[in-house]
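Asker: This structure is in structure tokens; I'll ask about it shortly.
Values quoted throughout were computed directly from the atomic coordinates according to the rules given, and no laboratory measurement underlies them. Because the structure is a prediction, the values reported are computed rather than measured. Ideal geometry is used to build each Cβ from the backbone, glycine not excepted, and the neighbour counts take in all protein chains shown.
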Amino acid sequence: MGDAGLGTGGTVSLRADVPAPLLASMREFIDRHPNWDQYRLVQAALAGFLVQNGAASRDLTRCYLANLFPGRSNSWQ
């Protein structure tokens with residue numbers, strides 16, 4: 001993926017093949033939690049994975065927390 005566009009404070013579009021069981025689980029979760037959408041879910045999952053695996057960045061931590069606790073300032077976006 002390289003780092004083009006990362007760290008600029010903007011957004012980068014991703015396209016990924018997602019296994020059917022994972023996609024079904026995502027849809028089920030979003031259906032049960034209407035305040036979540038596919039973008040928030042993927043952002044929270046990616047940020048959570050990186051934080052839990054040692055990525056040390058205040059911006060990343062802010063992104064993770066902003067997705068878990070919406071309605072607060074989203075200055076990371």
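Asker: When the convex hull of the C-alpha atoms of the stretch 9-74 is computed, what volume per residue in Å³ does it have?
Answerer: About 104 Å³ per residue, rounded to a whole number.
Asker: Can you give me the distance in nm between label points at A55 and H33, each placed 7 Å from the Cα along the Cα-to-Cβ direction?
Answerer: Calculated label separation equals 1.8 nm.
Asker: Further, regarding this structure: Normalising by the residue count of the stretch 20-68, find the relative contact order in percent from Cα pairs under 8 Å and 6+ residues apart.
Answerer: It comes to 34 percent, rounded to a whole number.
Asker: Within the set of other residues whose C-beta is less than 15 Å from the C-beta of Y39, count the net charge using Lys and Arg as +1 and Asp and Glu as -1.
Answerer: Result for the neighbourhood of Y39: +2.
Asker: Still on this structure: Take M26 and F69, extend 7 Å from each Cα along the Cα→Cβ direction, and tell me the distance between the two endpoints in nm.
Answerer: 2.7 nm
Asker: Run the quick spin-label model on R15 and L46: label points 7 Å from Cα toward the beta carbon, then report their separation in nm to one decimal.
Answerer: Between R15 and L46, the simple spin-label model gives 1.5 nm.
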